[in-house]
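Below is one structure; the comments refer to it alone.
Since every read-out is calculated from the coordinates, none of them should be taken as a lab result. Remember, predicted model here, so these are calculated numbers, not experimental data. Virtual Cβ from ideal backbone geometry, glycine too; neighbours counted across all protein chains shown.
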Amino acid sequence: MKSTASTVVLETVADLKAWRSQVAGRPGSVLGFVPTMGALHAGHMSLVRLAAEQCDHVLVSIFVNPLQFGKGEDFDRYPRPFERDLEFCRKAGVHAVFHPAVDAIYPGQGQSTVVVPPRSLIEHLCGAFRPGHFEGVATVVTKLFGMATPEQAYFGEKDFQQLAVIRRMTADLNLPVSIKAAPTLREADGLAMSSRNVYLNQEERERAPVLYQTLCHVRDRALSGSVSLSEALEDGRVRLRQCAGVELQYLEACDPDSLAPLETTRASMVILVAAKFGQVRLIDNVIVR
Ligand code: AMP
């Protein structure tokens, strides 16, 4: 265990378990867990703040999980500014950062058991473009829950399909952890904060707010009743396809729990988008409650 000011850095599963039982294992003590892949930004820190408000101890994990990256994706070049991340965590009063090497999580011969979420949650949206991604997410999150045994775990609505998968997995597998969601933090121009935004060149960065603008436009038109949800979505797709340098992957409206695609406006729905700006894949969504 290494300690920087008040934040402990845990690098092995044994360190994590020891910290868990000594520091955060006191009766009545509530551990809040924020799993991340690092390259922390204000969006991550909003999850940390929420955890700090609601829990006695806050644990952040920083682990770029190879299992959730496909061939040709950005696993190798994913940003890993660990010292900067640690400073963020220290300033935010995080009690411990779990920063394991890949073989601490997947030792020896590699991963044997994989958690497979229900097909209906992962066969469309991001799952259609990133085969194996949600199996990788579900597996690592299950392992991290098993190692850290948090009472509460915090996830961003920014990755809405991921949140739906984790909520369902936690319920279906009776995992003893309460899943908490936090709203998407945005830049001043509406772009959802993401560790991948640093990859955008200036032109792509200037274009990127079109995702959120389109989501809001689709939502407002559908809710106004002036057009059907299908029409609003189709107009949104046309708008994005006409944008130079934007490669639309999907723009869909879904039920927030089942993620079943919707064609007519509902009081509760989520509108989700994914598009590539050059090599950079961005996702976003707006939730209607
Ligand atoms: P990541 O490091 O990208 O795996 O994200 C770690 C957690 O932070 C996930 O639960 C994300 O949904 C959440 N997160 C990422 N970006 C944002 C954002 N802009 N606002 C709120 N939460 C976010």
| note | Assertion target for E73, E135, ordered by fewest C-beta neighbours within 10 angstrom first, is E73, E135
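Determine the calculated [θ] at 222 nm for the chain from helices alone, applying -39500 (n - 2.57) to every DSSP H run no shorter than 4 residues and normalising by the residue count; nearest 500 deg cm²/dmol. Don't jump to the answer; show the numbers that get you there.
Values: 11 runs with 108 residues, N = 289.
Mean residue ellipticity at 222 nm (helix-derived): -11000 deg cm²/dmol.
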| Theoretical gain in end-to-end length, Q22 to N201 [0.36 nm per residue, Cα-Cα removed] | 59.8 nm
| field | DSSP beta bridge pairing in the range 1-104, given as percent antiparallel to the nearest 5 | value | 20 percent
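Do you know the relative contact order of the chain, to the nearest whole percent, from alpha carbon pairs under 8 angstrom that are 6+ apart? Don't skip to the answer; put the middle values down first.
On the way: 508 pairs, mean separation 48.6, N = 289.
So the answer I get is 17 percent.
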| query | From the phi of every residue in the range 258-273, what ³J(HN,Hα) in whole Hz does the Karplus formula 6.51 cos²θ - 1.76 cosθ + 1.60 yield, where θ is phi - 60° and glycine or proline is x? | reply | 7, 6, 5, x, 10, 10, 10, 4, 10, 5, 10, 7, 10, 10, 10, 9
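Using a Cα distance threshold of under 17 Å, what count of lysine pairs results for the chain when pairs must be 8 or more residues apart or interchain? Please report the intermediate quantities before stating the final value.
Working: K2/K17; K2/K91; K17/K143; K71/K276; K158/K180; K158/K276.
Close lysine pairs under the 17 Å cut-off: 6.
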| request: Report the label-to-label distance for S268 and Q54 in nanometres (one decimal), using points 7 Å from each Cα along the Cα→Cβ vector. | output: 1.7 nm
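Report the gain in length on full extension from A42 to T113: 0.36 nm times residue separation, minus Cα-Cα distance, nm rounded to one decimal. Let's see the in-between values first.
Values: separation 71, 0.36 × 71 = 25.56 nm, distance 3.38 nm.
Using 0.36 nm per residue and subtracting the Cα-Cα distance, I get 22.2 nm.
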| request: Would you kindly state how much longer the chain becomes between T12 and E234 on full extension, computed as 0.36 nm times their sequence separation minus their alpha carbon distance, in nm to one decimal? | output: 75.0 nm
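Applying a 10 Å radius around every beta-carbon, put 241-252, 17-28 in order of their mean neighbour count, most first. Write down the numbers at each step before the final one.
Working: 241-252: 15.4, 17-28: 13.6.
Result, highest mean first: 241-252, 17-28.
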| task | Whole Å is fine, so just give me how far the alpha carbon centre of the range 31-62 lies from that of the range 211-241. | result | 33 Å
